[in-house]
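Single-structure report; data block below.
The values are calculated or read from the model by the stated rules, or taken from the named source; none is laboratory data. What you see is a predicted model; the values in this text were computed from it and never measured. As a convention, Cβ positions derive from the backbone with ideal geometry for all residues, glycine included, and neighbour counts pool all protein chains shown. Note: accessible area is taken over every heavy atom of the protein model, side chains too, but ligands, DNA and RNA are not part of it. Shrake-Rupley method; radii C 1.70, N 1.55, O 1.52, S 1.80 Å.
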Amino acid sequence: MLTGKKILLGVSGSIAAYKTAILVRLLVKAGADVKVLMTPAATHFVTPLTLATLSRHAVLSELATNDSWANHVMLGRWADVMLIAPLSCNTLAKMAGGHCDNLLMAVYLSAVCPVVVAPAMDEDMWHHAATRRNISTIAGYGHHIIPVAHGELASGLTGDGRMAEPEAILEWLSGFFTAKKSLEGKRALVTAGPTYEAIDPVRFIGNHSSGKMGIAIAAELRRQGAAVTLVLGPSSAEVPQGIHTIRVQSAAEMYAACHDVFPTTDIAVMSAAVADYTPVTMASQKIKKDSDRFSIELTRTKDILLSLGQQKKAGQFVVGFALETHDEKAYARKKLITKHADMIVLNSLNDQGAGFGHDTNKITIFDQQGNEYPFAVKSKTDVAADIVNTIIHLLHA
Ligand code: CTP
């Protein structure tokens with residue numbers, strides 16, 4: 001299953017470290033060559049001798065001992081994959097911040113191979129805003145995150161944060177090595193959700209977009225190996241682990257976030273329902289109802305898709321969406337040209353089960369070569385797979 005694969009296992013300080021004895025045994029049994037690194041804290045939970053015996057290699061935890069120095073650069077280059085399991089809250093924070101205060105961190109920062117982490121921490125730590133941000137940050141580095149499990153925790157509480165079981169980690173790694181990942185090494189940018197345009201401190205102009213379609217596309221791009229940044233408007237939909245998410249409110253914030261990320265993007269998918277108009281001014285205080293009529297002057301927002309389409313360079317692929325009620329195909333083809341997109345995904349509101357508020361969608365894709373790809377009504381997850389497969393097809397065409 002893992003015959004000949006070189007796995008560098010980094011063990012950080014968490015009670016789940018005791019499970020790495022079983023993990024190392026499973027990896028070695030599956031044919032992998034495993035070298036183990038430990039943080040000093042991890043050695044309190046499982047002994048280096050146990051892991052050295054099971055891995056059949058010396059276990060390293062210090063950058064230098066007496067007169068010998070551990071070559072962290074060569075270790076990072078040796079591995080096919082660096083697996084950090086368990087990933088403690090502290091080591092996660094150091095990875096996100098680029099700290100280098102022990103051997104494991106020095107090897108991590110030198111590693112040129114894919115990095116996979118299996119986090120383990122108590123539920124409250126797992127859900128803390130700082131942890132969410134750090135997970136999102138390392139996902140943005142292109143690292144793979146093996147989802148935590150729900151169950152009994154060291155605190156005695158039950159919740160999210162358990163490290164995936166050694167068997168599940170083995171299965172994840174087997175899938176990782178065998179899967180055909182068409183977008184490995186690519187960076188993708190996805191916009192999703194609505195935008196809120198503030199009228200005053202308590203009111204806004206928004207729309208009914210749930211963000212689900214864009215999140216499903218981000219997840220599928222990730223599954224196919226891309227490092228994904230999701231620029232997400234106000235949405236309560238859950239974002240899967242492993243996607244670097246930038247939360248925004250307004251069209252202007254979404255525009256700025258997309259322009260920051262676009263220069264290093266290979267594939268941009270603009271699926272957000274961005275407001276076309278925004279109030280000319282936002283009242284600094286709540287507007288009182290002291291007249292029978294009230295009007296708000298609106299001005300056009302900047303079109304993100306158009307702007308990215310205009311500045312895209314050779315090798316960048318830009319996808320737009322069109323939501324139409326009539327003359328759908330003609331409008332979709334027109335958007336392809338006017339917005340300089342490589343591909344337009346049309347949602348027709350005439351199709352049953354398509355558009356906002358449904359868990360299903362029906363799309364037709366148009367490309368620059370004049371091709372039209374119609375698809376049946378499907379779940380948003382399956383529609384996302386159709387969209388990403390069409391992107392891959394056109395990238396290779
Ligand atoms: N879009 C964008 N920025 C905006 C408005 C739209 O990036 N300020 C993107 C959407 O994410 C989507 C596409 O443009 O990919 C859809 O545009 P849409 O608003 O339907 O088209 P318009 O060109 O504005 O045409 P119309 O409103 O006339 O249908």
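Heavy-atom accessible area with a 1.4 Å probe sorts HIS393, HIS259, largest first, into HIS393, HIS259.
On a full-extension model of 0.36 nm per residue, what is the gain between THR299 and GLU238, subtracting their alpha-carbon distance, rounded to one decimal in nm? Can you show the working numbers first?
Details: separation 61, 0.36 × 61 = 21.96 nm, distance 3.17 nm.
Length difference between fully extended and current span is 18.8 nm.
Partner lysines whose Cα lies under 30 Å from the Cα of LYS286, excluding those fewer than 8 positions away in the same chain, are identified as LYS302.
Grab the other residues whose beta carbon is less than 11 angstrom from that of VAL107, score K and R as +1, D and E as -1, and report the net. In short, +2. The figure for SER182 is an accessible area of roughly 40 square angstrom, using a 1.4 Å probe on the protein chains alone. Pair-distance distribution of segment 126-273: all C-alpha pairs, bin width 10 Å, starting at 0; shares per bin in whole percent are 11, 35, 32, 17, 5, 0. Full extension of the chain segment joining HIS99 with ASP382 gains 97.9 nm, where the gain is 0.36 nm per residue of separation less the Cα-Cα distance.
For segment 6-178, averaging the sequence separation of C-alpha pairs within contact (under 8 Å, six or more residues apart) and dividing by the residue count gives a relative contact order of 23 percent. Semi-axes of the equivalent ellipsoid of segment 85-203 are 27, 22, 17 Å, computed as sqrt(5λ) over the eigenvalues of the C-alpha gyration tensor in descending order. Annotation: average projected area of segment 6-178 is 9.2 square nanometres, based on the convex hull of Cα atoms across all directions. Around the amide H of ILE199, modelled in the peptide plane, lie the amide H atoms of PHE204, ILE205, all under 5 Å away and 5 or more residues distant in sequence or on another chain. Between ASN134, ASN371, ASN361, the residue with the greatest mean-square fluctuation in the GNM of the chain (Cα pairs under 10 Å linked by springs) is ASN371.
Per-residue counts of other Cβ atoms within 10 Å, averaged by peptide: what ranking do you get for 148-154, 213-219, 311-317, highest first?
Most protected by this proxy first, the peptides run 213-219, 148-154, 311-317.
Calculated FRET efficiency, ALA168 to ALA130, Cβ-Cβ distance, R0 = 30 Å: about 0.70 to the nearest 0.05.
Extension gain for GLU184-HIS57 works out to 42.7 nm (0.36 nm per residue, less the C-alpha to C-alpha distance). If you look at the Cα atoms of segment 290-397, you get an Rg and a Dmax of 16.5, 61 Å.
Given R₀ = 35 Å, FRET efficiency for PHE375-ALA256 by Cβ-Cβ distance, to 0.05?
Here the calculated transfer efficiency is 0.60.
Surface exposure of segment 6-178, expressed per residue as accessible area with a 1.4 Å probe, stands at 43 Å².
Between the beta carbons of MET74 and ILE22, assuming R0 = 45 Å, the FRET efficiency works out to 0.95 to the nearest 0.05. Computed over protein heavy atoms with a 1.4 Å probe, the carbon and sulfur contribution to the accessible area of the chain reaches 53%. If you take the alpha carbon atoms of the chain and fit the smallest convex hull around them, that volume is 176 Å³ per residue.
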